[in-house]
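Working notes for the structure below.
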Amino acid sequence: MSLLSNWPAAIAATGALGTAAFGLVDALKALPGGGLSRAGFKFIREVIARLTPRAHYPEGSALSRASILHTLQSQWINGTAEGDQVNIAKSLIKLRLIPETAPTLATATGVDSGILTQVAESIATGQALTTQQSDVYGRFDLLLTTLLDQAYQRGDQRYRNTAKFAAIPVSIGIALAAYYSVKPATISPWEAVIVGLVATPLAPIAKDLATALTNGVQAIQSWKS
């Protein structure tokens, strides 16, 4: 029973190791170029490339492709809320909506090119949109949001998977460093490697699993008494 009662603490400690390893890997986003975050940002980069034709917005412009990507990557690295990132990306793309870029944006979002061009002309001249133009512009806004949201969702999933995989050797390294600093007689170096290996996948469920085991031990003890 004493061994069983120690399991919740061991699981919680192992999960904490995995969380710490993931935190160290996540901190690598501060490296030049974004570190591992580039694995996820590529999906956003691909969508932005489709939505930002280079013509009419030369390099150095606040609305150039390079400037927009730099802004979005900065927010990505800093961990800005995903919804806010999508809204900012959408606003920057919509600011680029002019008659010359409308056909490219219409193709990317699947709306009528001619009417979206008319929408761009009306916005540029301050004219009110017709009912048909408002309908197409609304569809453009919705489809643009969908494209960007999909890119951010895929990017976030790719980054998390990459970071979790990279956290495994980090957690193994921490476990081995702890072993050699303490050198406990109860476990071997290979067992320390196993602890580091399972720490990262265990981290998301460690708290719930430890709580469940604690409740189980208490239930068994209550029946025994």
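Values quoted throughout were computed directly from the atomic coordinates according to the rules given, and no laboratory measurement underlies them. Note that the coordinates shown come from a computational prediction; the quantities given were computed from them, not determined experimentally. Backbone-built Cβ (ideal geometry, glycine too); neighbour counts: all protein chains shown.
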All positions within segment 108-126 that are surrounded by 13 or more Cβ atoms within 10 Å (Cβ to Cβ) and assigned to a helix (DSSP H, G or I): ALA108, THR109, SER113, ILE115, LEU116, THR117, GLN118, VAL119, ALA120, GLU121, SER122, ILE123
Residue list for segment 46-68, restricted to those being surrounded by fewer than 18 Cβ atoms within 10 Å (Cβ to Cβ) and in a helix (DSSP H, G or I): GLU46, ALA49, ARG50, ALA66, SER67
All positions within segment 78-92 that are surrounded by 13 or more Cβ atoms within 10 Å (Cβ to Cβ) and either touching a Leu at 6+ places or on another chain (Cβ under 6 Å) or not in a helix (DSSP H, G or I) (or both): THR80, VAL86, ALA89, LYS90
